[in-house]
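What follows is a single structure, written as structure tokens, with notes after it.
The values are calculated or read from the model by the stated rules, or taken from the named source; none is laboratory data. Here the structure is a predicted model, which is why all the values come from computation and not from measurement. Note: ideal-geometry Cβ built from the backbone for every residue, glycine included; neighbour counts use all protein chains shown.
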Amino acid sequence: MNFLLLIINPGSTSTKLAIYQDDKLQYEKNCSHVAAEIGRYGHILEQVEFRKQKIYEFLTEAKIPVEQISAVIGRGGLLKPICGGTYIVNEKMCFDLRNAPKEHASNLGGLLAEEIGTSLGIPAFIVDPVVVDEMESLARISGLKGIRRVSIFHALNQKASARKAAALLGKGYDECNLIVAHMGGGVSVGAHQKGNVVDVNNALDGDGPFSPERAGGLPAVSLIDLCFQAGMAKEDVYRSIVGRGGLVSYLGVNDAREVEKMITQGDKDAKMIYQAMSYQVAKEIGAGAAVLKGRVDTIVLTGGLAYSQITTGWIKEMVEFIAPVLILPVKTKWKRWHLARSGY
């Protein structure tokens, strides 16, 4: 093989970019977008040209001749539910991304890949979009007829981390039972059974553990009361749960590093809330162990919060009786995975 790949991962305030030669990273950059830059766009889809320009600037900076790029791969968005895997971007997919039920930065991934792929005459793909749906039928039942649990989670990183964990075990992904907890702005905890995520909390719409920015699962009647408070519009309630929930709600910040500073300065309330977040993640991991009937090869902690020794320490203390805990922060290189693992 000798393929040069352009990777595009758009987030709400950044576009992460990388160049790979086959499976080896050649160059990467996190292009942060200040509020003034993206604030002038009323809708996320209006940012396509702006972000495309940033991508070409990245290629110039990396000194990559565009004619040498073999393919472009974008982050998948809010499509209709599909199984995990790699998909060719086509006209129908782009239509669905432009008409997705919700605005989300991930919707830009396939659109940017298609625009650049078309202009360069190379194929465009997406991999493991957030709507990967491999849930078992039992996992879809909510407890109220007419409401079904759905699969929306950090599929790209969960699947990648699961494959890395399986490789460290000397097995294939489809040979392992794993529980993967992605901990970032949102938290998703998936039960991976022989290559399929058979159960996972909906990390986008308010399910599972609370996180730096999201409230997670809430007591239903208390949420109903909130919805009927005088002057509370639907959008206000939604923003209270997604964006202004979690650590933001309690402590006014969404940066775990700031919370840890508060703790080192003796803030007992900050410690209580921060530990409660880890507590809820650990509880969700325990639920995943029940789904897998206790047959768990390893538990994987990943996402930005996996860099926090405080967070991972609290979680490990609660769950390592289930299985060994493997810590794989998002940007960790192969050599460091071995240093971070425990229980092997």
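A few remarks follow.
- Checked against the criterion of being touching an Asp or Glu at 6+ places or on another chain (Cβ under 8 Å) and either assigned to a strand (DSSP E or B) or hydrophobic (A, V, I, L, M, F, W, C) (or both), the candidates I273, I310 yield just one match: I310.
- Cβ pairs under 7 Å, 6+ apart, first in the stretch 117-146 and closer than 30 Å to P65 by Cβ, second surrounded by 12 or more Cβ atoms within 10 Å (Cβ to Cβ) and among the basic types (K, R): I126/R75; D128/K159
- The sole residue among R98, R148 that is assigned by TED's automatic domain parsing to the domain that holds M183 and surrounded by fewer than 17 Cβ atoms within 10 Å (Cβ to Cβ) is R148.
- Only one of the numbered conditions (1) surrounded by fewer than 24 Cβ atoms within 10 Å (Cβ to Cβ); (2) not in a loop (DSSP other than H, G, I, E, B) is not met by I179, and that is (1).
- Candidate set from the stretch 67-82 (those that are in contact (Cβ under 8 Å) with a residue 60 or more places away in the chain and under 21 Å from the mean Cα position of the chain (by Cα)); member that is surrounded by the fewest Cβ atoms within 10 Å (Cβ to Cβ): P81
- Qualifying residue in the stretch 232-251 (condition: closer than 17 Å to I147 by Cβ and of a type in the set (S, T, N, Q)): no
- Conditions (1) in contact with a Gly (Cβ under 7 Å, 6 or more places away or on another chain); (2) more than 22 Å from Q47 (Cα to Cα); (3) not assigned by TED's automatic domain parsing to the domain that holds L204: number failed by I122: (1)
- Residue list for the stretch 81-131, filter: in a loop (DSSP other than H, G, I, E, B) and of a type in the set (G, A, S): G84, G85, A100, A105, S106, G121
- Residue count, the stretch 70-119 (criterion: touching a strand residue (DSSP E or B) at 6+ places or on another chain (Cβ under 7 Å), over 25 Å from M135 (Cβ atoms) and of a type in the set (D, E, K, R)): 1
- Reported count of residues in the stretch 118-135, each being over 17 Å from K92 (Cα atoms) and among the polar types (S, T, N, Q), is 1.
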